[in-house]
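Asker: Could you have a look at this structure, given as structure tokens, before my questions?
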Amino acid sequence: MALQHSHAFQAPAFLNFYGSSSRKCLRAISSIRATTVSNNGDLSSFKDWCIEKGIITPLDLDLKNDDYRFMKYSKDNERPETIDGPILRVPLKACIVAESPEALAIRLAEEKRVGDESEFAAYINVLPKITSDSLQSMPRFWSQDKLEKVSEFDGGYIYQKAMASKQKCKEMNIDEWALACVNSRANFLLDKGYAMTPVLDMLNHDFSSKTRGSILEDELFLSVDKKFEKGDEVFISYGSFSNLETLCEYGFVDSNQNPYNKEFVDVRMIRKEPVRVTIDNNGALDSGSLALLRSYLTPESVVMEKLLMDDTLTQTAVFAKPISDEIEEEVFSFIASFVDGAIYEAKEGINWAVDNNDDILKRYLAARVEVLMKGIEFMKNKFPDLIY
């Protein structure tokens, strides 16, 4: 089955592993090489620890720019020129496991607290420090001033997710570093709970690298359906996530166009609850928000007329489809005015990001503008003379 993420919890996203697997993959991989990378003692100790724990992979751990750790296909002469299939086998006993993300964060923090006495010390020592670029790029670690400033440019969505994470840590007395590691690195093992899985969490994301996971006899197996050559960095897909999710939960925005990106705009009306409109990567608007806005903008007399004409309709179902071209154009005009404002704000944010050398925020807002403009095009395709 395809490797996916779990959406059982509001903030984090977790890799899921399903079913059983053939033992054929065991013959395709061999132990992680215990060579020192850039004279980094922690990484060397971690590799020794992986061998001791029975972790098997044809990948080598490497380091770039002192902070970017990644897995690449080994250049070992005995290996095939390309790899496409099994890339990792990890005994579950090598994983830190708990029944929930919050419980896993608490356990991770405790394992870190005991230091070298923890059986996972070698693994914990190579997890990113709270001061590392990889964690500091996550909005939950941005300053309050920056979060408030950025909310002027993105509708406040980054601020909302960051504050939700901070609030959870405060309410449940969870270490922020530990929860960030769990949110960005943990995988979901169904009835076995949630796990911090060594090596798997060092594989970076590429949406085009289809990934499969399985569990057999208390061992986790991971495969990819994309070819990688010797020396190539090997990627897995974390799942189908928007840029807001990858930024807030992982601290990155894909430099390539994300086909799963979507953007939001809150449409506000007097004496009505705001309506959050979702705009897909192709510019389409979500049906739920359209139905709600139709209910706000349709005169009651028109609704009653529709219901009398079709006794199969309900008070709710009547808004599932356009009431009339006139009302639908009014709905689109209303949405477009807010989308247009959001585009202006995001462009202002791009200028701010450039001035402050914030490349991640620049990419995030540029992608937001692109999707919002597709939303305008989508609406104008339906109503070429749309006024907003």
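Read the figures in this text as sums done on the coordinates, not as results from a lab. Keep in mind the model is a prediction, meaning the values are calculated, not measured. Cβ coordinates were reconstructed from backbone atoms using ideal geometry, including for glycine residues, and neighbour counts include every protein chain displayed.
Asker: Answer with one residue from Ser295, Asn183, Leu147: the one whose Cα lies farthest towards the positive end of the charge dipole of region 143-299, charges on Cβ with Lys, Arg +1 and Asp, Glu -1.
Answerer: Positive-end residue among those listed: Ser295.
Asker: Would you mind giving the average projected area, over all directions, of the Cα convex hull of region 262-382 in nm² with one decimal?
Answerer: 8.2
Asker: Quick check for me: using +1 on Lys/Arg Cβ and -1 on Asp/Glu Cβ, what's the dipole size of region 186-307 about its Cα centre, in debye to the nearest 20?
Answerer: Roughly 580 debye, rounded to the nearest 20.
Asker: Continuing with this model, one more query. Given charges of +1 on the Cβ of Lys and Arg and -1 on the Cβ of Asp and Glu, with all other atoms neutral, how large is the dipole of the chain about its Cα centre, in debye to the nearest 20?
Answerer: Computed about the Cα centre, the dipole is about 820 debye.
Asker: Using the Cα gyration tensor of region 41-98, with a ≥ b ≥ c the square roots of its eigenvalues, what is the shape: rounded (a/c below 1.5), prolate (a/b larger than b/c) or oblate (neither)?
Answerer: Details: a/c = 1.85, a/b = 1.18, b/c = 1.57.
Here region 41-98 falls in the oblate category.
Asker: Another one. If you take every DSSP beta bridge fully contained in the chain, what fraction is antiparallel? Give it as a percent rounded to 5.
Answerer: Percent antiparallel among DSSP bridges in the chain is about 90.
Asker: In degrees between 0 and 90, to the nearest 10, how far off the longest principal axis of the chain does helix 300-309 point, with axes built from Cα atoms?
Answerer: Roughly 90 degrees between the two axes.
Asker: Over region 85-156, with a single point scatterer placed on each C-alpha, what log10 of the ratio I(q)/I(0) does the Debye formula yield at q = 0.24, 0.25 1/Å?
Answerer: -1.12, -1.16
Asker: Within the set Lys64/Lys226; Lys168/Lys382; Lys112/Lys149; Lys149/Lys170, which residue pairs have Cα atoms separated by over 31 Å?
Answerer: From Lys64/Lys226; Lys168/Lys382; Lys112/Lys149; Lys149/Lys170, over 31 Å: Lys168/Lys382; Lys112/Lys149.
Asker: Let me ask another. Working from Cα positions, state the angle (0 to 90°, nearest 10) between the long axis of helix 41-53 and the longest principal axis of the chain.
Answerer: Approximately 80 degrees, to the nearest ten.
Asker: Sort 357-367, 291-301 for me by packing, meaning the mean count of neighbouring Cβ atoms within 10 Å per residue, highest on top.
Answerer: Going by the mean number of other Cβ atoms within 10 Å, highest first, we get 357-367, 291-301.
Asker: Next question. Specify the angular offset, from 0 to 90 degrees and rounded to the nearest 10, of the alpha carbon long axis of helix 325-355 from the longest principal axis of the alpha carbons in the chain.
Answerer: Approximately 40 degrees, to the nearest ten.
Asker: Here's something else I'd like to know. Roughly how many Å is it from the Cα centre of region 242-316 to that of region 164-187, as a whole number?
Answerer: 30
Asker: Shifting gears a bit: Tell me, what are the semi-axes, in whole angstrom and largest first, of the equivalent ellipsoid of the chain as set by the roots of 5 times the Cα gyration tensor eigenvalues?
Answerer: 45, 23, 21
Asker: Right, next: Just name one of Phe221, Pro259, Ile51: the one whose Cα is farthest towards the positive end of the charge dipole of the chain (beta-carbon charges, Lys/Arg +1, Asp/Glu -1).
Answerer: Among Phe221, Pro259, Ile51, the one farthest towards the positive end of the dipole of the chain is Ile51.
Asker: Taking the Cβ of Ser208 as the center, what net charge do the other residues with Cβ under 11 Å away carry, scoring Lys and Arg +1 and Asp and Glu -1?
Answerer: Around Ser208, the surrounding residues sum to -1.
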